[in-house]
Amino acid sequence: MSTQSVLFDAPGPKAKRRILLLNIVGALIFLGLIAYLIYGLYGAGQLTPEKWNVFATGSVWTNFILPGLIKTLQSAAISIVTSLIFGFIFGMGRLSHNKFLNWISTIVVEFFRAVPVLLMMLFLWIMLANSGWVQPADSPFFAVVIGLTLYNGSVVAELIRSGVHGLPKGQREAGIAIGLTRTQSLSFIEIPQALTAMLPALISQFIVILKDSALGYIINFNELLFMSKLVGTGNSNTFQSLVIAAAIFIILNFALSKLASYVSGRLSSRGIA
């Protein structure tokens with residue numbers, strides 16, 4: 001008997017027809033809502049060519065959209081690297097048998113996981129802009145990167161901790177048996193295996209970093225959303241500009257999602273994940 005049949009009964013002919021009918025009704029409702037939305041936009045003049053023609057000019061892309069996209073990718077890439085470093089350090093701390101290190105690491109991880117990312121960005125932006133540590137024009141960039149690092153690094157630390165705890169105890173015992181210390185066993189045997197198994201989850205967290213970089217719009221960070229809004233303000237087509245920005249984010253996130261699925265499939269085929 002399969003696991004599925006134990007968990008629930010397979011639907012019979014009547015149930016299958018009912019499910020099909022509900023799916024059709026749901027699809028019709030969804031299509032109706034889309035049609036109503038398009039009709040409303042058309043009536044409001046939001047679908048006229050004049051509103052979209054600006055995106056056919058190269059200057060809009062070279063002066064606004066592409067520079068904003070580059071800033072988004074830069075902040076996301078740096079945040080991914082620093083989050084991995086932060087997560088490794090405090091993940092090791094949470095796995096440490098040293099009570100003080102474990103206590104400090106737990107406080108840091110739990111605190112930054114609890115604070116909203118936007119709140120951290122706002123606080124860091126104000127602090128950096130008034131501290132003189134960086135140029136005022138650069139404070140939004142650093143606020144975004146540090147905020148993303150603190151939050152997502154804490155999530156990575158938890159992923160590492162849970163991943164190591166999920167490994168068979170024999171991995172640690174094997175490391176100690178060949179003369180490795182507890183720290184060496186963690187560094188060279190347990191954490192690499194945990195990271196390999198958690199790679200799809202890590203890539204999913206990278207998607208979160210990419211999406212959350214758009215929060216920099218609130219603190220005037222000239223990323224994709226902010227620059228798209230400038231295009232919309234200057235050309236009276238804010239809706240169209242936001243649609244373009246959303247489409248770019250969807251493409252980027254879809255690409256990362258496919259990468260996560262590919263990695264997960266490869267690991268599953270090798271019996272790792």
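The values are calculated or read from the model by the stated rules, or taken from the named source; none is laboratory data. Given the structure is predicted, the values throughout are model-derived calculations rather than measurements. Virtual Cβ from ideal backbone geometry, glycine too; neighbours counted across all protein chains shown.
Tabulated values for the structure
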read-out: Only listed residue being at negative phi and over 22 Å from the mean Cα position of the chain (by Cα), chosen from Q205, Q184; value: Q184
read-out: Any helices (runs of 4 or more DSSP H) falling wholly within region 163-273 and containing at least 3 residues that are among the small types (G, A, S); value: 169-177, 224-235, 238-269
read-out: Unmet requirement for G45, which otherwise passes all of (1) surrounded by 10 or more Cβ atoms within 10 Å (Cβ to Cβ); (2) more than 19 Å from A247 (Cβ to Cβ); value: (1)
read-out: Residue list for region 66-79, filter: surrounded by 20 or more Cβ atoms within 10 Å (Cβ to Cβ) and of a type outside the set (D, E, K, R); value: G68, T72, S75, A76, S79
read-out: Condition met for G147 (surrounded by 15 or more Cβ atoms within 10 Å (Cβ to Cβ), farther than 23 Å from L167 by Cβ and in contact with a helix residue (DSSP H, G or I) (Cβ under 8 Å, 6 or more places away or on another chain)); value: yes
read-out: Residue pairs meeting the criteria (Cβ under 8 Å; at least 6 apart or on separate chains; first farther than 21 Å from F254 by Cβ and free of Cβ contacts under 8 Å to residues at least 24 places away in the same chain, in region 189-218; second of a type in the set (G, A, S) and surrounded by fewer than 20 Cβ atoms within 10 Å (Cβ to Cβ)); value: I189/A174; I189/G175
read-out: Boolean, L124 is surrounded by fewer than 22 Cβ atoms within 10 Å (Cβ to Cβ), within 27 Å of W103 (Cα to Cα), modelled with pLDDT of 90 or more and more than 17 Å from the chain's Cα centre (by Cα); value: yes
read-out: Residue count for region 224-263, restricted to those that are touching a Lys or Arg at 6+ places or on another chain (Cβ under 9 Å) and of a type in the set (F, W, Y); value: 3
read-out: Residue in region 89-100 that is nearest to L195 (Cα to Cα), counting only those that are surrounded by fewer than 19 Cβ atoms within 10 Å (Cβ to Cβ) and within 28 Å of the chain's Cα centre (by Cα); value: I89
read-out: Helices (runs of 4 or more DSSP H) fully within region 64-153 counting 3 or more residues that are closer than 18 Å to I203 by Cα and of a type in the set (S, T, Y); value: 66-95
read-out: Test: residue in region 74-95 that is at pLDDT below 95 and of a type in the set (S, T, Y); value: no
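Every residue, every condition in (1) surrounded by fewer than 21 Cβ atoms within 10 Å (Cβ to Cβ); (2) in contact with a Lys or Arg (Cβ under 8 Å, 6 or more places away or on another chain); (3) under 30 Å from F64 (Cβ atoms); (4) not acidic (D, E), yes or no:
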residue: P136; (1), (2), (3), (4): yes, no, yes, yes
residue: Y151; (1), (2), (3), (4): no, yes, yes, yes
residue: G179; (1), (2), (3), (4): yes, no, no, yes
residue: T183; (1), (2), (3), (4): yes, no, no, yes
residue: F188; (1), (2), (3), (4): yes, no, no, yes
residue: V208; (1), (2), (3), (4): yes, no, yes, yes
